[in-house]
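The values are calculated or read from the model by the stated rules, or taken from the named source; none is laboratory data. Everything numeric in this text was worked out from a predicted model, so none of it was measured. All Cβ positions, glycine included, derive from the backbone under ideal geometry; neighbour counts span all protein chains shown.
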Amino acid sequence: MREGTTSVVEATRGFGIDIGGSGIKGALVDLAEGQLIGDRIRFDTPKPSTPEAVADVVAEITGQAGWDGPVGVTLPAVVKKGVAHTAANIDRKWIGTDADALFAKRLGRGVDQVAMLNDADAAGMAEIRWGDPIARRGVTALLTFGTGIGSAVFQDGKLVPNTEFGHIEVDGFDAEKKAAASVKDNEELSYPEWAERVNRYLTVLENLIWPDLFIVGGGVSKKSHKWVPLLDIRTPVIVASLQNNAGIVGAAAAAAEGIEH
């Protein structure tokens, strides 16, 4: 954690941007309620998704919103002290990039006005704070199903950052290559067919970390009734309260409070 310029007492609004493999979304956030203020601003992720190209989109989003305060930004990557160490579903040029410095320069802000986080960690932080209180007890694993699979693990509400459990090996494959929501679309799988793959993935993961609760999120959580009831695993599963907005909300809160890992 670093000392931010805006205290949680002072901040009633924040701004978060969630960078994914297919889209980049940003919005103003009510930090008291953990809800978006107004509509999200969304652009397709540029191809190639180089750091410079993505930074241009982030600048466009903050410009359209007219926001000049602290900005929280998520990446589908291991992020430590503002530096990206991996790149999942984004250009590999991100590896080794000082994302704090990149976005601070492009947005015309000080480095202390930018908070960089792993995308699933940001979503998990939002769910722990504003979601179902049961998630704050024991070991909770949030999983986001989108272009890939993101993970965030908490012990009694405390984050263990950068777990990246979407990349564990399941039956000889990287898990997200078989069970991400994008795979369902690309292979034209039915919900029962895809749920079977998710079930296998969750079975392997629950035997690895023995969680007390799984929270499932990402865009596909909007249709959770079509696949969550089909899961047959030991661990209870609930749907993310903030659905696909959790990353934006968590990023905004992190920026307002000066949190990085």
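See the values below:
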| item | result |
| --- | --- |
| Among (1) within 28 Å of His85 (Cβ to Cβ); (2) under 17 Å from the mean Cα position of the chain (by Cα); (3) β-branched (Val, Ile, Thr), the one test that Val239 misses | (1) |
| Among the residues listed as Ala141, Ala126, the single one being outside the structural domain of Ala252 (by TED's automatic domain parsing), more than 24 Å from Ile61 (Cβ to Cβ) and either crowded, with 23+ Cβ neighbours inside 10 Å or not basic (Lys, Arg) (or both) | Ala141 |
| Qualifying residues in region 72-104 (those that are of a type in the set (Lys, Arg) and touching a residue at least 12 places away in the same chain (Cβ under 8 Å)) - the one surrounded by the most Cβ atoms within 10 Å (Cβ to Cβ) | Lys93 |
| Residues located in region 32-69, provided they are aliphatic (A, V, I, L, M) and either over 14 Å from Lys105 (Cα atoms) or touching an Asp or Glu at 6+ places or on another chain (Cβ under 6 Å) (or both) | Ala32, Leu36, Ile37, Ile41, Ile61, Ala65 |
| Subset tally (residues that are basic (Lys, Arg) and not in a helix (DSSP H, G or I)) for region 160-180 | 0 |
| Any chance Ile248 is closer than 28 Å to Gly72 by Cα, touching a helix residue (DSSP H, G or I) at 6+ places or on another chain (Cβ under 9 Å), assigned to a helix (DSSP H, G or I) and not basic (Lys, Arg) | yes |
| Residue match in region 24-47 (condition: more than 25 Å from Gln243 (Cα to Cα) and outside any strand (DSSP E or B)) | yes |
| Filter result for Asp112 (buried (at least 24 other Cβ atoms within 10 Å of the Cβ), farther than 20 Å from Glu33 by Cβ and in contact with a Pro (Cβ under 9 Å, 6 or more places away or on another chain)) | no |
| Residues (crowded, with 24+ Cβ neighbours inside 10 Å and over 9 Å from the mean Cα position of the chain (by Cα)) located in region 243-254 | Val249, Ala252, Ala253, Ala254 |
| Residue count, region 185-198 (criterion: surrounded by 16 or more Cβ atoms within 10 Å (Cβ to Cβ), under 22 Å from the mean Cα position of the chain (by Cα) and of a type outside the set (A, V, I, L, M, F, W, C)) | 1 |
| Any hit, region 96-106, residues being more than 16 Å from the chain's Cα centre (by Cα), outside the structural domain of Glu176 (by TED's automatic domain parsing) and in a loop (DSSP other than H, G, I, E, B) | yes |
| Some residue of region 234-242 being in contact with an Asp or Glu (Cβ under 7 Å, 6 or more places away or on another chain), surrounded by fewer than 17 Cβ atoms within 10 Å (Cβ to Cβ) and not in a helix (DSSP H, G or I) | yes |
| Verdict on Ala87 being under 15 Å from the mean Cα position of the chain (by Cα) and either farther than 19 Å from Thr45 by Cβ or in a loop (DSSP other than H, G, I, E, B) (or both) | yes |
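Residue by residue, here is whether (1) assigned by TED's automatic domain parsing to the domain that holds Trp227; (2) within 19 Å of Pro236 (Cα to Cα); (3) outside any helix (DSSP H, G or I) holds:
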residue: Phe154; (1), (2), (3): yes, yes, yes
residue: Ser182; (1), (2), (3): yes, no, no
residue: Leu202; (1), (2), (3): yes, yes, no
residue: Asn207; (1), (2), (3): yes, yes, no
residue: Ile215; (1), (2), (3): yes, yes, yes
